[in-house]
Amino acid sequence: MEHQYDQNISEYKYSVSDLMLTKQQRDFYEINGYLVVPKLIPDYLLDRCCNRFIELCHEKVPQNQNITMMKDISRIKTGDQGEYLYGKAQDILWDDEFYEYARYPKMVDYVESFIGPNVMGMHSMFINKQPDIGTNSSRHPVHQDLHYFPFRPANLIVAAWTACVPITVNNGCLYVLPGTHTGDLYPHTYPEPKDGEINKLYHELKTNNNNDDPKKVFLEMEKGDTVFFHPLLIHGSGINKTQGFRKAISVHYASSNCNYIDVSGTTQDNIKNEVIDIMAKKGIIDVDYTFIWKHHSRLIRGVRANL
Ligand SMILES: O=C(O)CCC(=O)C(=O)O
Ligand SMILES: [Fe+2]
C-alpha cells in the first residue's frame, strides 16, 4: 500500500500521516497530545497478557526474555506474594504473549500514523496497580515520559497504553494535561516523602503545581480501549481505591530514524545515573545509558535505522 507521508508539506507537527487517522482524530492529537481509540485491542489478546503476567508472578522468569518483575515498595514490607507483590513487568517485548500486543497490526498502523513506517518498541510494560494499602504507593506521580528517553526527536515517539480491565478514577486511571506536549521537557525528581511511599524510578515533575490544574482530564477506559500519547504530555495516575487489580499494558514506540543523544549535564542526568547504578548492581557495568536502550528495544515494523 502506498502511504502518504506529508510531514514536510502540511501544517501537522505531531503526526506524520493520515494512514489510520480521520481528520478529526489527527487534529485532536495535534492540539491535545493524546488520542483514545475505543476497543482497539481484542479481549482474547488482553486476557492472554493478563494470564502471562499472573504466571510470571509465580514462576521463574525465563533468562532469555529480559523481563524485569518489579515489586511494589509497600508490598515488599507486608510479605505479600504473587499479584499482590508485583506491580509491574518491564521490558516484555521478547515474550511471545506480550509481543502479540506490541505487534498487533491495527495498533501499529496507528503508531505508523504518528511516527512513520520504521517502528521500534523502546520501552514496554505490563502494569498491575494493586489495591492501595494507605501508603499512596499505587499512584504514578505526574511526569513526562521523555525524561526517561535518551533519543530524539520527541515528535517521532509515541506511547500506546491499553486498559486490560475497565479503568476508572476509583481504581487509578490515567490523567493527562491536554496540550502540554507543545511545551518543554521539565526537570523531574522523587516526590516528597510526606506524599507517601514511592516506587523506584517513579520521578515526578519538579514544579508540581499541576495537581489542581483545571485542565486535568481523567481517562476512564473500557477493556481494549487504547490511548496514544506524546512523550512530552504531562500525565500520571491516581491511587487504586478498590480491592481489584487495575491492569494495563503499554509500549512506547519510536521511529528508528530517531537518534540517541547524550543526556549528561541535562535535566535527564539524574535518571540516567540511577538506571546505570541499578544495572551495576545487577553486574552490568561500564555501559552507557544508550546501550541499555539498544539492548531492550525491538524492531516492530519497517527497518532498523539509527536506534
Ligand atoms: O499506568 C500508569 O499508571 C502509568 C503509566 C505511564 O505513565 C506510562 O505508560 O507512560
Ligand atoms: Fe508515563
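None of the figures in this text is laboratory data; all of them are computed from the coordinates on show. Since we're looking at a predicted model, the values are computed, not measured. Cβ sites come from the backbone with ideal geometry, for glycine too, and all protein chains shown count toward neighbours.
Expressed as a rounded percentage, what relative contact order does the chain have, with Cα pairs under 8 Å and six or more residues apart?
Normalised by residue count, the contact order of the chain is 26 percent.
Under 5 Å between amide H atoms, partner at least 5 residues away or on a different chain: which partners does residue 174 have, H built in plane at 1.01 Å?
Those qualifying (amide H under 5 Å, at least 5 residues apart or on another chain) are 219.
Order of 146, 185 from fewest to most other C-beta atoms within 10 Å?
Least crowded to most crowded, the residues run 185, 146.
Rounded to the nearest 20 Debye, what is the dipole magnitude of the chain about its Cα centre when Lys and Arg each give +1 and Asp and Glu each give -1 at the C-beta?
Dipole about the Cα centre, nearest 20: 380 debye.
Using a Gaussian network model of the chain whose springs link C-alpha atoms within less than 10 Å, name the residue from 70, 279, 221 with the highest mean-square fluctuation.
Judging by the Gaussian network model, the answer is 279.
Quick one: compute the contact order of the range 166-239, relative version, from alpha carbon pairs under 8 angstrom and 6+ residues apart, as a percent.
Dividing the mean separation by the residue count of the range 166-239 yields 60 percent.
Need one number: the % of Cα-Cα pairs in the range 148-198 sitting beyond the 13 Å mark.
Tail fraction, whole percent: 77.
Can you tell me the 0 to 90 degree angle between the C-alpha axis of helix 105-115 and the longest principal axis of the chain, rounded to 10?
70 degrees
Extent of the range 147-265 along each principal axis, from alpha carbon coordinates, in Å, largest to smallest?
The Cα atoms of the range 147-265 stretch 43, 35, 28 Å along the principal axes, largest first.
Projecting each Cα onto the charge dipole of the range 172-307 (Lys/Arg +1, Asp/Glu -1 at the beta carbon, about the Cα centre), which of 232, 270, 219 comes out farthest on the positive side?
The listed residue farthest towards the positive side: 219.
Pairing the Cα long axis of helix 43-58 with the longest principal axis of the chain, what angle in degrees results, from 0 to 90 and rounded to the nearest 10?
40 degrees
How far is helix 269-281 tilted off the main Cα axis of the chain, in degrees rounded to 10, range 0 to 90?
Computed tilt is about 50 degrees.
Rounded to whole Å and sorted largest first, list the principal axis extents of the Cα atoms in the chain.
Sorted from largest, the Cα extents of the chain read 57, 43, 40 Å.
P(r) tail for the range 56-195, what percent of Cα pairs lie past 17 Å?
Result for the distance tail: 70 percent.
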